[in-house]
Every structure is written in structure tokens, then in C-alpha cells.
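Remarks on the structure that follows.
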Amino acid sequence: MATNAPSRRRGFTLIEVMVVVTILGLIAGGVAIAVMGHFTRARLTTARTQALSLRQAAESWRLSHVPEDCPTADALVASGVVDEASKMTDPWDVPYEIACEGEQTRVRSFGPDKRKGTDDDIVVPAPHPDAPRAALRPGDTLLREWNRSTIRPARWASASSRSAGATPRGSTRPSPR
């Protein structure tokens, strides 16, 4: 008994395809949001690392020149302290600012907003968190993330008291032996 009825092939409906595309879009959106957070932190870390390197180069330059002079990026490259291929701008393509105050050399990135004196500026060396605010110039603050991760106030009285079995101030736990 042969039937002449055509065989029915079942395919995907438009609704099923739309549901799958929507799910894939939600997954891609979640991944993009997670990656952007890491990208922002990576740019901040890169700016801080480059500023540290540039500060070391500026300190080296100042040792071989008149101490009252403050180097510029061009002077560092011309003297060979910094390689020509080195990037002299921060991750937001703004040149680093090098400032010399007495013996202190500071390198500043204006941060993601590209404006001087705002809370997102990255300053190397960072001002001490216990420093009075009046002593800081505008823009000497760092992102809260940097303050938590890199600046830790000293909690031990001295290295000798630490080795003698003292505990940190405010701590009641015995020190490990």
C-alpha cells in the first residue's frame, strides 16, 4: 500500500528563531558588560604603571642634570633615558604631566575624563592617605580603587618591635612565631 501523500518536513518557526536570537543577544550583552569593567581597570593599571616608569626616568634624568630643572617628555627621549618607541601619553592619549617640587618629582595622568584636578587623576607618587586635605593640591587625590589596593598605612610600630612579638595596634591576636 503506497501512499502518495508528500512527507512533512518540520522546520523551525519564526518564534523559535527569535527566542534563540534573543537569548544569544542577552548572553553577548552580559559578556560585554563584564569585559568593559576589566578593560577600564586595565587602562587605570596601565596608566599607573607607565607613570611609575616615567617617574623613575625623570628621577634618573634629574640626577645627571641641574636639580632645579624638571624634565619634559622630549628631554627624556633626547637624553636617551627613555626609548624613542616608548609611549609618552596615557591610555586616553593625553600626555603625562611631569612636575618637580624641590626633591620631589610627580607624574600625573588626567585620567578617563582628561581634565586636570578631578578625582580620577592618577598621581605618582600618591599622596599619603593621612595627609591633611589642605596640604594637597587640587587633583592630588586618586580613585578609591587605588587607595584601597596600593596605599596601606603602616600598622606596626617598627620592624624591631614586630620581631619581638608585638601585635599590630588595635589587634588582640598573638603574632605568629
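Going through segment 94-115 one residue at a time, which ones are farther than 23 Å from TRP61 by Cβ and either under 15 Å from the mean Cα position of the chain (by Cα) or touching a residue at least 12 places away in the same chain (Cβ under 8 Å) (or both)?
If the condition is that a residue be farther than 23 Å from TRP61 by Cβ and either under 15 Å from the mean Cα position of the chain (by Cα) or touching a residue at least 12 places away in the same chain (Cβ under 8 Å) (or both), then GLY111, PRO112, ASP113, LYS114 are the ones that fit.
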Restricting segment 48-64 to residues that are over 28 Å from PRO112 (Cα atoms) and loosely packed, with under 13 Cβ neighbours inside 10 Å, the residue that is farthest from the chain's Cα centre (by Cα): SER64
If you scan segment 52-72, which residues turn out to be among the aliphatic types (A, V, I, L, M) and under 13 Å from ARG106 (Cα atoms)? LEU52, LEU54, ALA57, ALA58
Regarding segment 5-14, can at least one residue be identified that is basic (Lys, Arg), over 30 Å from GLY102 (Cβ atoms) and at pLDDT 90 or above? no
Counting only helices (runs of 4 or more DSSP H) wholly inside segment 70-163, the ones holding at least 3 residues that are at pLDDT 85 or above and on the phi < 0 side of the Ramachandran plot are 73-78
Considering THR40, THR46, which residue is within 21 Å of SER109 (Cα to Cα), at pLDDT 90 or above and assigned to a helix (DSSP H, G or I)? THR46
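The values are calculated or read from the model by the stated rules, or taken from the named source; none is laboratory data. Model, not experiment: these values are computed from the prediction. Methodologically, a virtual Cβ is constructed for each residue, glycine included, from the backbone with ideal geometry; neighbour enumeration extends over all protein chains shown.
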